[in-house]
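Quick one: this structure, given as structure tokens, is what I'll be asking you about.
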Amino acid sequence: TDTCASVLAVARTAFAGLQAGVCAGSLARAVEYTTAREQFGRPLAANQGVMLRAADAYMDTEAIRVTAYEAAWRHDEHLPARTHALTAAWWASEAGKRVVHAGQHLHGGMGADLDHPVHRHFLWGRQLDAYLGSGPELLEELGELLTDDDREAA
């Protein structure tokens, strides 16, 4: 089971890293779109609500990225990384959903177009969320691992 747990931790870390990239791409497209798109004579990006939504998405993307990097670094250094992989997976699952939804939302009606590139980010982000498992399941597993007597395996 140690081998299975190790492979699962690496897979979760890899999916979290991929989710960080998907979210960064979604956010970059949203920034580009809201900067160029004008409404009422000024860019959508000048709207405070748009700025706040984009800022939240940026912070979530960075949380995914930094937790994935930490888990990957620990794995590369042969340090215990299972709890870090679960943390990265949780951020990728929970925050990833928020980011790709924000990316689609910030595109307005364009985000609903199945042929628009932002929809591919949305779909990919949701698929990665499904692969990672639900946030509550990941937290339950993390909690069990943290309360386990054998913390060295974490």
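The values are calculated or read from the model by the stated rules, or taken from the named source; none is laboratory data. The structure displayed is predicted, hence computed values, not measured ones. Every residue, glycine as well, gets a Cβ built from its backbone with ideal geometry; the counts of neighbours run over all protein chains shown. Side chains included, ligands, DNA and RNA excluded: accessible areas come from the protein's heavy atoms. Shrake-Rupley method; radii C 1.70, N 1.55, O 1.52, S 1.80 Å.
Taking the full set of protein chains and a 1.4 angstrom probe, give the accessible area of Thr61 in square angstrom, rounded to the nearest 10.
10
Under a point-charge model restricted to the Cβ atoms of Lys and Arg (+1) and Asp and Glu (-1), what is the dipole moment magnitude of the chain relative to its Cα centre, in debye to the nearest 20? Before the final figure, lay out each step's value.
Details: 13 positive and 21 negative charges, 182 e Å.
I would put it at about 880 debye.
With unit charges on the beta carbons (Lys and Arg positive, Asp and Glu negative) and the dipole taken about the Cα centre of the chain, which residue among Leu44, Gly21, Ala72 sits farthest to the positive side?
Leu44
Take the eigenvalues of the Cα gyration tensor for the stretch 1-63, scale each by 5, and report the square roots as semi-axes in whole Å, largest first.
Largest first, the stretch 1-63 gives 37, 10, 5 Å.
Please find, in a Gaussian network model of the chain (springs between Cα atoms separated by less than 10 Å), the residue of Ala54, Ala11, Ala92 whose mean-square fluctuation is greatest.
Highest fluctuation among the options: Ala11.
Let me ask something else. Relative to 2.2 N^0.38 Å, what does the C-alpha radius of gyration of the chain come to as a ratio? Two decimals please.
Working: Rg = 17.5 Å, N = 154, 2.2 N^0.38 = 14.9 Å.
It is 1.17.
Placing +1 on the Cβ of each Lys and Arg and -1 on the Cβ of each Asp and Glu in the chain, which of Leu139, Ala92, Phe122 has its Cα farthest towards the positive end of the resulting dipole?
Projecting each Cα onto the dipole axis, the largest value belongs to Phe122.
So, one more: Can you compute the helix-only [θ] at 222 nm over the chain? Use -39500 (n - 2.57) per DSSP H run of at least 4 residues, normalise by all residues, nearest 500 deg cm²/dmol.
-27000 deg cm²/dmol
Let's see if you can work this out: charge +1 on each Lys and Arg Cβ, -1 on each Asp and Glu Cβ, no other charges. What is the dipole magnitude of the stretch 84-154 about its Cα centre, in debye to the nearest 20?
Dipole magnitude for the stretch 84-154 comes out near 600 debye.
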